[in-house]
1. Identify all residues within region 83-103 that are over 17 Å from A52 (Cα atoms) and either in a helix (DSSP H, G or I) or among the aromatic types (F, W, Y) (or both); write none if there are none.
2. Return the pair list, or none, for Cβ contacts closer than 8 Å from residues in region 29-51 that are closer than 15 Å to V112 by Cα to residues that are among the hydroxyl-bearing types (S, T, Y) and in a helix (DSSP H, G or I), at least 6 apart or on different chains.
3. Does L40 qualify as being loosely packed, with under 11 Cβ neighbours inside 10 Å, assigned to a helix (DSSP H, G or I) and modelled with pLDDT of 85 or more?
4. Can you name the number of the only condition in (1) surrounded by 13 or more Cβ atoms within 10 Å (Cβ to Cβ); (2) farther than 30 Å from I27 by Cβ; (3) β-branched (V, I, T) that V112 fails?
5. For region 59-77, what are the residues that are part of a helix (DSSP H, G or I) and loosely packed, with under 13 Cβ neighbours inside 10 Å?
6. Quick check on my filter: what residues within region 78-109 are touching a residue at least 12 places away in the same chain (Cβ under 8 Å), small (G, A, S) and surrounded by 13 or more Cβ atoms within 10 Å (Cβ to Cβ)?
7. Which one of these is buried (at least 16 other Cβ atoms within 10 Å of the Cβ) and at pLDDT below 85: A14, A52?
Amino acid sequence: MMSLSVVEENPRRARHMLRLSDPKFSIVRRLMVFSIILLLIWLALGLRSGLAEYRYYQSVRTLEPQIWEKLGSPKYLKIPMAFVSPKGAKLLQSISNETVRRLALQHRKAGVQFLAYVVLVLLLAIAYFKTALG
C-alpha cells in the first residue's frame, strides 16, 4: 500500500493514489476511453457522409446543369429536399454522366454505413444498460 510518510507529507497525493488503485476507477476509465473511441468513429463517419453528399450535389450542379435547373436550382437547406422529392428522384435516375453516378453511389454507401453504425451503437447501448441495470 502506501507508507505513512506519504500521507503525512501530502494528503491530496495520498487520496489520488488511493483512487488510482481503486478497481472502479479502472472500469470508469475504460468506459471513458471506449466512449471517446465510439464518438470519434461517429464523427469520422458523419464527416465522410457529409463530404460525399456535398460532392454529389456539386457534381450534379456542375456536370448536369440541365437537371439542376429542372430541380429548381435549390440553395442551401433546400438542396437535400430537392434530391429526395419524387420529382427529383425521377430526374436523378435519368443522369447519364458516369462521374455523377459514381458519386451518387458513394453518397448512398456512406449514408448507409453512417446509419448502420448509429443503429449498432444504439443496440449495444441498450444491451449494455439492460445487463447493467437488470
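The values are calculated or read from the model by the stated rules, or taken from the named source; none is laboratory data. This one's a predicted model, so the numbers in the text were calculated from it and none came from an experiment. Virtual Cβ from ideal backbone geometry, glycine too; neighbours counted across all protein chains shown.
1. P86, K87, G88, A89, K90, L91, Q93 - these are the residues of region 83-103 that are over 17 Å from A52 (Cα atoms) and either in a helix (DSSP H, G or I) or among the aromatic types (F, W, Y) (or both).
2. Correct list of pairs: I41/Y117; W42/Y117; L45/Y117.
3. Spelling it out, L40 is indeed loosely packed, with under 11 Cβ neighbours inside 10 Å, assigned to a helix (DSSP H, G or I) and modelled with pLDDT of 85 or more.
4. The one condition V112 does not meet is (1).
5. Once the filter is applied, which keeps residues that are part of a helix (DSSP H, G or I) and loosely packed, with under 13 Cβ neighbours inside 10 Å, region 59-77 yields T62, P65, Q66, E69.
6. G88, A104
7. The match here is A14.
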